[in-house]
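Some notes on the structure that comes next.
We did not get these values from a lab; they are worked out from the coordinates using the rules stated. Just so you know, these numbers come straight off a predicted model, no measurement behind them. When we count neighbours, we look across all protein chains shown, and the Cβ atoms used for this are built from the backbone with ideal geometry, even at glycine.
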Amino acid sequence: MSIFILFALCLTGYLVYGLYRFRQYQGQITESEERLRLSLWASGDEMWDWNIHRGSLHRTNGAGTYPLPNIDPSDFPPNRPHIHPQDVEKVVEKLKLHLNGEVNEFECVYRIKGSNDKWRWILDKGKVVSSNAAGYPIRMTGAFKDIHQIKKTESNLEIFARSIQSLTDGVVILNSDFNVIHINPGYTQITSFSSSDLIGKKLNFNSISPSLITDIKSAVDKTGNWQGDVTGQGKDGNMFIAFVTVNCIRNDENAITNYVAVVSDTTMRKKAEAKLIKMARTDTLTGLPNRNVFFSRLQKCVDKQLETAILVFDVDDFKKINDSLGHVLGDILLVKISERLKPLTNSQCILYRLGGDEFAITMEGTNDIHKVTLLAKELLRLLSNPFRIEQHEFVVAASIGIVLYPDDGQQPETLHRNADTAMYHAKEKGNRYLFFNKEMNKQAVKRLQVENLIRQGLKEDYFHVYYQPKMSFSTGKLVGMEALVRFISPSGTLVSPGTFIPISEETGQVVEIGEVVLRKACADMKRWIDSGLMSGRVAVNLSARQFNLPNLIHRIESILLETGLSPNNLELEITEGTVMDDPQHAIQVMHELRALGIQLAMDDFGTGYSSLSYLRKFPLNTLKIDKAFVDDAGTSVGRAMIDTIITIARNLSLSTVAEGVETSTQEKLMAEMGCDVLQGYLYSKPLSSKELAHFAANQQPVLKKAQ
């Protein structure tokens with residue numbers, strides 16, 4: 001019995017100890033599970049247990065272990081419905097590789113559907129932990145980690161990295177010692193340097209001093225950034241211009257960890273800007289500084305109160321070169337002029353082209369008349385040497401106007417205007433220089449006033465036509481009249497033709513004035529013929545500018561058509577100088593006028609140079625004897641000149657008209673020499689259209705045929 005009791009006590013003790021150990025073990029398991037649960041909760045990871053044989057899948061997370069619902073044993077992998085469709089194939093492939101024993105473990109990054117039905121990136125790792133006797137896997141466990149935020153960050157970093165790599169601007173990342181740790185392709189494109197050329201080296205642009213690099217780093221360290229233009233040299237030796245921005249990156253302790261430099265290639269833009277600046281400052285034809293630079297430079301001299309001499313000049317009769325030989329040769333001549341004069345210049349003596357054939361020279365820092373005069377003389381001498389262009393040889397002359405600052409003006413515009421005035425007066429004799437004075441300015445102001453008055457007169461019809469009768473010596477009757485323009489100002493003052501005609505010829509207004517005269521003369525003549533007052537012809541002067549108009553014939557035809565006057569009742573007077581400028585052209589135009597039925601007279605014959613070989617080719621009807629010869633008719637020389645002109649006219653079957661007959665003696669002499677038609681104050685002063693009509697109505701033969 002005692003043995004039995006002893007056995008029972010031992011058994012009970014063992015059971016109690018076993019129960020104690022079991023509870024102790026169970027507590028350790030619970031404590032271990034709690035630690036696992038807390039670990040999973042803290043990490044956010046989840047463990048999974050896949051019973052391949054039964055087709056069940058359990059997950060364990062911070063909330064505990066739970067089976068994955070809606071598992072279809074035929075699905076592979078078992079969580080297939082929860083995997084993003086685009087990632088299924090990748091998961092299947094990697095899982096098979098492990099199950100087939102080709103890799104030691106399964107690892108895959110893919111997306112699964114979370115509790116909120118949104119896709120999240122995970123990193124899934126697992127391994128087979130049990131196989132059957134045949135070696136086939138029957139259980140696999142693992143864990144996956146939510147890496148959605150990491151993946152998102154990686155994506156942003158990848159976008160950022162690709163952006164840097166795709167930038168056409170160069171990007172250089174440097175460490176805290178200013179050594180290069182990364183460059184993008186854009187930097188290589190700009191500089192030709194590759195990563196292997198630069199990594200670990202100091203930032204350098206090859207053409208700037210190391211001190212500038214130090215200054216850049218110091219500026220960034222102090223202010224956080226630096227920017228500016230840098231001219232660098234690439235690996236291939238080519239120079240480039242770049243706008244560089246350098247910034248620093250600081251850590252949480254505000255210490256600089258990196259520098260980032262952005263290099264923008266501005267080479268083309270800078271070249272384009274330089275080209276535009278040059279175009280704005282340079283004359284495109286000659287390459288000389290242009291009008292803008294001229295005034296800008298003068299302004300600087302004025303601002304500094306620096307004594308300066310200004311010479312403004314142009315080529316005398318340059319328009320004739322353009323008109324006769326064309327603008328191309330004219331441009332070539334301007335280039336050659338600029339090339340010939342450039343040796344006269346230096347940093348204080350500058351040559352400009354102001355436009356057209358107008359040039360200027362500024363002599364800064366001097367008003368020495370002797371120096372200025374020497375320069376003007378040398379300029380004229382250089383221009384007087386012939387220029388050879390193609391088969392042509394040009395001998396040109398120039399007119400120079402000179403002003404001195406501050407004596408002749410206080411502003412650039414005033415100085416230029418006064419120099420122009422002096423040049424204008426120099427042109428009166430040509431190929432010379434003149435210094436400006438106040439009297440010149442007064443004349444220039446008067447000229448401008450006349451020019452404006454002409455413009456107003458054309459607009460408001462201040463130009464009137466007066467007529468000087470032409471009398472036939474053989475019949476003593478009125479055979480025609482010469483139309484003369486008169487300019488009557490709004491105040492009733494008669495402006496002398498000697499005042500307004502030269503100015504209108506220079507400005508080109510003479511063309512419009514000539515058309516006014518021609519239209520009014522044709523209209524008056526048509527009215528007189530229709531009323532039976534007279535027959536004959538009205539003579540109208542053609543200026544050189546009118547005669548050289550390309551559409552002259554069309555203009556005259558239009559006026560005749562407008563007024564209804566027959567071409568047979570119109571005579572056009574052309575000066576000797578006009579036709580001799582370009583005889584071949586003159587012959588062509590004159591034949592076209594004669595073809596219309598218009599008669600032609602050569603005015604001022606004998607006062608210039610006429611070639612008899614050309615004279616016989618001109619389809620003229622009349623030679624007009626200039627008043628200067630009529631005034632000398634009482635002298636033997638004057639009489640011989642008139643007799644020669646009349647003889648030439650007879651030999652060429654031309655009639656003659658003597659101008660300016662004012663005395664009976666002159667009338668008698670003209671008659672004795674056989675002049676056909678006479679006009680002058682002896683018979684009548686120039687008459688208005690109303691007065692001429694009255695003269696024609698009351699006119700009786702007033703001449704007697706010479707005995």
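So what are the ³J(HN,Hα) numbers for the stretch 244-257, from phi and the Karplus equation (6.51, -1.76, 1.60; θ = phi - 60°), rounded to whole Hz, Gly and Pro as x?
Working through the residues one at a time gives 10, 10, 10, 10, 10, 10, 10, 8, 5, 8, 6, 8, 6, 9 Hz.
From the alpha carbon gyration tensor of the stretch 325-472, can you work out the equivalent ellipsoid semi-axes (sqrt of 5 times each eigenvalue) and give them in Å, largest to smallest?
Details: eigenvalues 223, 118, 41 Å².
They are 33, 24, 14 Å, listed from largest to smallest.
Over the stretch 484-582, what is the relative contact order in whole percent, taking alpha-carbon pairs under 8 Å and six or more residues apart?
Taking the mean separation of contacting Cα pairs over the length of the stretch 484-582, I get 28 percent.
Sequence gap at least 6, Cα distance under 8 Å: using those rules, report the relative contact order of the chain to the nearest whole percent.
Dividing the mean separation by the residue count of the chain yields 6 percent.
Which entry is the computed Cα extents along the principal axes in Å for this structure: [x] 206, 64, 52; [y] 86, 54, 51; [z] 90, 68, 47?
[x]
Between Val445 and Lys151, what is the label-point separation in nm under the 7 Å Cα-to-beta-carbon projection?
Modelled inter-label distance: 9.1 nm.
Note down the nm distance, to one decimal, between modelled labels 7 Å out along Cα→Cβ at Asn551 and at Lys113.
8.5 nm
If I take R0 = 41 Å and measure r between the Cβ atoms of Glu89 and Asn204 in this structure, what FRET efficiency does the formula 1/(1 + (r/R0)^6) give, to the nearest 0.05?
That pair, Glu89 with Asn204, gives E of 0.20.
Please compute the contact order of the stretch 558-672 in relative form: average sequence separation of alpha-carbon pairs under 8 Å and at least six residues apart, divided by the residue count, as a percent.
Averaging sequence separation for qualifying contacts and normalising by length gives 22 percent for the stretch 558-672.
Assign one of three labels to the stretch 285-341, namely rounded, prolate or oblate, based on the Cα gyration tensor with a ≥ b ≥ c the square roots of its eigenvalues; rounded applies when a/c is under 1.5, prolate when it is not and a/b is larger than b/c, and oblate otherwise.
Note, shape of the stretch 285-341 comes out prolate.
Suppose R0 equals 35 Å. What FRET efficiency, 1/(1 + (r/R0)^6) with r the Cβ-Cβ distance, do Asn254 and Thr141 give to the nearest 0.05?
That pair, Asn254 with Thr141, gives E of 0.15.
When a/c is below 1.5 the answer is rounded, else prolate if a/b is larger than b/c, else oblate, so apply that to the stretch 552-707 with a ≥ b ≥ c taken from the square roots of the Cα gyration tensor eigenvalues.
Taking the square roots of the gyration eigenvalues as a ≥ b ≥ c, the stretch 552-707 is oblate.
Cut-off under 25 Å on the C-alpha distance; same-chain residues fewer than 8 positions from Lys459 excluded. Which lysines are left, in chain and number order?
Cross-link targets: Lys446, Lys520, Lys526, Lys690.
With each label point set 7 Å from Cα along the Cα-Cβ vector, what nm distance links Leu344 and Asn238?
Inter-label distance under the simple model: 4.4 nm.
Give me a comma-separated list of calculated 3J(HN,Hα) values for the stretch 173-190, in order, Karplus coefficients 6.51, -1.76, 1.60 applied at θ = phi - 60°, integers in Hz, x for any Gly or Pro.
Once rounded to whole Hz, the list reads 10, 10, 8, 5, 8, 6, 9, 6, 10, 6, 10, 9, x, x, 5, 5, 4, 6.
In the chain, if the dipole is taken from +1 on Lys/Arg beta carbons and -1 on Asp/Glu beta carbons about the Cα centre, which of Ile147, Pro567, Val540 is farthest to the positive end?
The listed residue farthest towards the positive side: Ile147.
Within 10 Å, count the other beta carbons around each residue, average over each peptide in 87-94, 641-648, and list them highest first. Present the calculation step by step, with values, prior to reporting the outcome.
Details: 87-94: 15.2, 641-648: 17.9.
Packing proxy ranking, top to bottom: 641-648, 87-94.
Distance from the Cα centre of the stretch 569-639 to that of the stretch 311-359, in angstrom?
Comparing the Cα centres of the stretch 569-639 and the stretch 311-359, I get a distance of 35 Å.
Would you mind calculating the gained length between Ala697 and Ile587 on full extension (0.36 nm times residue separation, minus the Cα-Cα distance), in nm to one decimal?
Full extension from Ala697 to Ile587 adds 35.8 nm.
What's the FRET efficiency of Ser74 with Gln165 using the Cβ-Cβ distance as r and R₀ = 51 Å, to the nearest 0.05?
Efficiency, rounded to the nearest 0.05: 0.65.
Computed on alpha carbon atoms, what radius of gyration and Dmax characterise the stretch 312-378, expressed in Å?
In order Rg, Dmax, the Cα atoms of the stretch 312-378 give 13.6, 42 Å.
For all pairs of alpha-carbon atoms in the stretch 412-564, what percent lies in each bin of width 10 Å, listed from the first bin to the last filled one?
Bin by bin from 0 Å, the calculated values are 9, 30, 29, 19, 9, 3, 0.
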